[in-house]
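The values are calculated or read from the model by the stated rules, or taken from the named source; none is laboratory data. Please read these numbers as outputs of a predicted model, since none were measured by experiment. Here Cβ is always computed from backbone atoms with ideal geometry, including for glycine, and neighbour counts include all displayed protein chains. SASA here: full protein model, heavy atoms, side chains in, ligands and nucleic acids out. Shrake-Rupley method; radii C 1.70, N 1.55, O 1.52, S 1.80 Å.
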Amino acid sequence: MPENWMLPRIFPIGGILFDFLFVLIAIPIEAYVLQNRLKFDKKTSIFYAISMNLFSSVIGWLIFFIAEPMLPIQMKSELISYMFFNNFKSANTQSVIILTACIIFFATFIMKFFILMVLLLSLSEPVAKKEEEPQTSKRQRWRTFSTAKLQNSNLVITTLIANSLSYSAITIILFFRSK
């Protein structure tokens with residue numbers, strides 16, 4: 001870390017407000033996907049969508065504020081130019097932005113998946129265990145393992161679909177903003 005590390009003096013209020021708009025757009029889209037694919041009720045799917053998006057947004061802004069002081073001067077000036085004036089100074093910045101957008105997409109997907117897993121595991125009600133569980137056959141244990149594996153992959157696919165749809169809507173809004 002550089003020895004002159006400190007928080008920025010000017011917060012990108014426009015960027016933060018656009019992020020708030022993006023979260024407001026992503027929540028209903030992801031809640032709809034969670035409700036349809038994972039068969040949650042509306043209240044539960046909205047809760048999970050809000051939690052996933054707010055936690056991942058906060059983590060993303062923390063990463064941004066930690067990483068921004070470490071960027072090279074040219075990247076900082078390009079970032080400031082885009083945040084305040086909505087344009088870039090050099091042409092090769094767009095390739096860096098496309099690469100960064102791909103990294104952000106997959107990082108957000110992974111964050112949202114783990115946040116959803118943690119929420120599902122921590123908010124599940126404890127099941128009352130019987131005094132003595134009957135012996136299960138090898139076939140029943142394999143079926144239970146296969147079902148858990150299928151549910152886990154269903155959760156990954158659902159999170160990927162929800163994240164993809166919300167990012168598509170955000171990309172369309174950014175496209176209209178640039179015109």
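General observations
- Test: residue in segment 169-176 that is under 22 Å from the mean Cα position of the chain (by Cα), loosely packed, with under 10 Cβ neighbours inside 10 Å and either over 17 Å from residue 49 (Cβ atoms) or modelled with pLDDT of 80 or more (or both): yes
- Flag for residue 56 being touching a Leu at 6+ places or on another chain (Cβ under 6 Å) and at pLDDT 90 or above: no
- Neighbours by Cβ (under 7 Å, 6+ apart or cross-chain): first from segment 154-179, within 21 Å of residue 34 (Cβ to Cβ); second of a type in the set (Ser, Thr, Tyr) and at pLDDT 90 or above: 163/108
- Segment 18-39, residues that are over 15 Å from the mean Cα position of the chain (by Cα) and closer than 30 Å to residue 82 by Cα: 18
- Residue in segment 34-50 that is in contact (Cβ under 8 Å) with a residue 12 or more places away in the chain, in contact with a helix residue (DSSP H, G or I) (Cβ under 8 Å, 6 or more places away or on another chain), farther than 22 Å from residue 176 by Cβ and of a type in the set (Lys, Arg) present: yes
- Out of 153, 166, 146, sole residue that is hydroxyl-bearing (Ser, Thr, Tyr), modelled with pLDDT of 65 or more, assigned to a helix (DSSP H, G or I) and exposed (fewer than 12 other Cβ atoms within 10 Å of the Cβ): 153
- Qualifying positions in segment 28-45 - of a type in the set (S, T, N, Q) and surrounded by fewer than 22 Cβ atoms within 10 Å (Cβ to Cβ): 35, 36, 44
- Evaluation of residue 94 against the conditions (1) in contact (Cβ under 8 Å) with a residue 40 or more places away in the chain; (2) under 28 Å from residue 165 (Cα atoms); (3) open to solvent by 60 Å² or more (accessible area, probe 1.4 Å) shows that the sole unmet condition is (1).
- Residues in segment 46-68 include at least one that is open to solvent by less than 60 Å² (accessible area, probe 1.4 Å), farther than 21 Å from residue 117 by Cα and not aromatic (Phe, Trp, Tyr).
- Some residue of segment 94-113 being of a type outside the set (Gly, Ala, Ser), at pLDDT 80 or above and not in a helix (DSSP H, G or I): no
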